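As structure tokens, the structure follows; a few thoughts come after it.
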Amino acid sequence: MLTDPQPFPRRTFLRRLFAVAGLLFFHNPALLRSALALGLSKPPAGMYVVKGDVRVNGIAAQAGSVVTAGDTVTTGADAMAIFLIGKDVYLVRDNTRLELDSESAEALKVRIADVLRIVNGKMLSVFGKGRKRLVMPTAVAGVRGSGVYVEADPQRIYICTCYGIAEITPLADPSKRQTVNTFHHEAPRFVYASGAVSPNNRIIVKAPVINHTDAELIHLESLVYRQPPFVSRRGSGNGNGGGGGY
């Protein structure tokens, strides 16, 4: 069992944390043993990586900026951010607006976001235990035990349940709801605003794996001392870009 660490400066924590994260990033299963050896038990919430124009509630963010439920994170062109809230890790790409909210009593109590409104843009997230509700322009998804990648615009969203369970409900036709249970990117979907703008007049369509990698998922999970299931069960993950090797 991990024990509470002795306090030390945040700079030192981040240096050690990323050293540990790098082990798993290169597919080394020694992450948890290394975390134990360093005496780390709970990484602090907030911004870990800030590239370009990243804002929290309209205020320019920097590494260490606090992010919590009730906040809105936005990114400009060529921007990117990685941040933690509780046991959830978020990678937000360019031109994104992500609104974080809480609706359950438990989430409200500890200021954990369990409702994510992805107004536009791109988000890769890995979640700890518990349920999340993703509200997107053309669909709502209830997820648990998941790693999820989303790209959102007004006419179509893309959602890959990288692992875990998701119930995906198209806003244009809730009767077309689908539930997917995945281990390694088996069921990406496009969900359209209407059948008129989709191939073959279908609201929800099977999609390829695009624009996110196993290496990114491994890295995000490593920040909270976890491994994706495809690593822990198979012993390694594929870090190829652009969906290669999934």
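The values are calculated or read from the model by the stated rules, or taken from the named source; none is laboratory data. A quick note: this is a predicted structure, and the numbers were derived from the prediction, not measured. Heads up, the Cβs are rebuilt from the backbone with ideal geometry, glycines too, and the neighbour counts pull from every protein chain shown.
At a glance:
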item	result
Matching residues in the stretch 162-183 - criterion: being over 16 Å from residue 144 (Cβ atoms), touching a residue at least 12 places away in the same chain (Cβ under 8 Å) and outside any loop (DSSP other than H, G, I, E, B)	170, 176
The stretch 114-153: number of residues that are assigned to a loop (DSSP other than H, G, I, E, B), in contact with a Gly (Cβ under 8 Å, 6 or more places away or on another chain) and at pLDDT below 95	3
Residue satisfying all of: in the stretch 184-196; surrounded by 14 or more Cβ atoms within 10 Å (Cβ to Cβ) and outside any strand (DSSP E or B); modelled with the lowest pLDDT among these	195
Hits in the stretch 122-145 (condition: within 23 Å of residue 219 (Cα to Cα), among the small types (Gly, Ala, Ser) and surrounded by fewer than 20 Cβ atoms within 10 Å (Cβ to Cβ))	128, 130, 145
Evaluation of residue 159 against (1) surrounded by fewer than 20 Cβ atoms within 10 Å (Cβ to Cβ); (2) in contact (Cβ under 8 Å) with a residue 24 or more places away in the chain (one fails), failing number	(1)
Where a residue in the stretch 129-152 is on the phi > 0 side of the Ramachandran plot and its partner, wherever it lies, is not aliphatic (A, V, I, L, M), with Cβ under 8 Å and at least six apart	130/106; 130/114; 130/144; 145/127; 145/129; 145/163; 145/164
Residue ID - farthest from residue 184 (Cα to Cα), chosen from residues in the stretch 198-220 that are of a type in the set (A, V, I, L, M, F, W, C) and either in a helix (DSSP H, G or I) or in contact with a Gly (Cβ under 6 Å, 6 or more places away or on another chain) (or both)	203
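Residue-by-condition table, conditions (1) surrounded by 14 or more Cβ atoms within 10 Å (Cβ to Cβ); (2) of a type in the set (Asp, Glu); (3) farther than 20 Å from residue 150 by Cα; (4) free of Cβ contacts under 8 Å to residues at least 24 places away in the same chain:
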position: 51; (1), (2), (3), (4): no, no, no, no
position: 54; (1), (2), (3), (4): yes, no, no, no
position: 59; (1), (2), (3), (4): no, no, yes, yes
position: 69; (1), (2), (3), (4): yes, no, no, no
position: 75; (1), (2), (3), (4): yes, no, no, no
position: 78; (1), (2), (3), (4): no, yes, no, no
position: 81; (1), (2), (3), (4): yes, no, no, no
position: 86; (1), (2), (3), (4): yes, no, yes, no
position: 90; (1), (2), (3), (4): yes, no, no, no
